[in-house]
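Here's the structure we're looking at; comments come further down.
Every number here is computed from the coordinates shown, using simple stated rules; none is lab data. These figures come from a predicted structure and were not determined experimentally. Here the Cβ is made from the backbone with ideal geometry for all residues, glycine too, and neighbour counts use every protein chain on show.
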Amino acid sequence: MTTQSMQTTPPTQTTPPTLLHLDASARRRSFSREAGDAVAAAWRATHPGGIHVHRDLARTPVPQIGEAWTELCDHVLEHEITDPARYREAVRTPAQEAAWAVVEPLLAELLAADVVLIATPMYNYSVPASLKAWIDQVTFPRMSLAGRRFVVAYARGGAYGPGTPRHPYDHQERYLRDFFAGHFAVPEQDMTFLGTELANSLTDPALAGRRGAHDASRAAALEAARTTGASL
Ligand SMILES: Cc1cc2nc3c(=O)[nH]c(=O)nc-3n(C[C@H](O)[C@H](O)[C@H](O)COP(=O)(O)O)c2cc1C
């Protein structure tokens, strides 16, 4: 993990390409980690001089936001501060200083990235609390991340694709897509979602008959990960 200075505009061709890679699975042997690692390996092979920043949100969780964080956010909103380089102006008390000390390195990593790779399991139809805590820390009002590519490598126990009975319950991909587009102004074409489904077929006797479909999904995810990582 590295920490970079705050950079407010999307990275340019004069800086080395940078990949911010987040993991969020509580498991070490994890399908989302596997797919995310494949994306990162392909990206590194394509960008030998690139900077790969890895942050494991499950092993080293970021704290939940507290009241002082909300005061920073309120100040930014009230004073119509949209340039992240000016967020520091919101710090007025020791508690806010402590909150900012958590935010600043997370935000610097995000803003320095050309590509944001998020490897995430589905937990209870959505994303893990560890990932949500990171999103809450780094997200400020009217913050655009347009110009960056977002890749999500997901894993889930069941099947949630279009046309399946569980599709309406997918608040993992749906949430991330809506948030990237709706809050960060990331166009649809700059987002890639790939992943492994039916992981529970390995443990749930009721899903044992779906192991073939799980294997196929995992193989497709790894292929998509390699192709995507090389194309970024
Ligand atoms: C706390 C928890 C909640 C889960 N909730 C769901 C769920 O709502 N839907 C689902 O399909 N699978 C669910 N699963 C199964 C995981 O999505 C599945 O094990 C997946 O492979 C986890 O990703 P990973 O392999 O990267 O750890 C859950 C697993 C855990 C541990």
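Observations
- Summed over region 150-172, residues that are within 13 Å of the chain's Cα centre (by Cα) and either assigned to a loop (DSSP other than H, G, I, E, B) or surrounded by fewer than 20 Cβ atoms within 10 Å (Cβ to Cβ) (or both) total 1.
- Among the residues making up region 184-194, none is in a helix (DSSP H, G or I), in contact with a helix residue (DSSP H, G or I) (Cβ under 7 Å, 6 or more places away or on another chain) and crowded, with 16+ Cβ neighbours inside 10 Å.
- Among the residues of region 154-185, just one is touching a residue at least 60 places away in the same chain (Cβ under 8 Å) and closer than 25 Å to residue 65 by Cα, namely 154.
- All told, residue 181 falls short of being closer than 22 Å to residue 114 by Cα, in a loop (DSSP other than H, G, I, E, B) and either within 15 Å of the ligand (Cβ to nearest atom) or not acidic (Asp, Glu) (or both).
- Qualifying residues in region 110-139 (those that are assigned to a loop (DSSP other than H, G, I, E, B) and surrounded by 18 or more Cβ atoms within 10 Å (Cβ to Cβ)) - the one nearest to the ligand (Cβ to nearest atom): 122
- Where a residue in region 199-214 is touching a residue at least 12 places away in the same chain (Cβ under 8 Å) and its partner, wherever it lies, is among the aromatic types (Phe, Trp, Tyr) and not in a loop (DSSP other than H, G, I, E, B), with Cβ under 7 Å and at least six apart: 199/31
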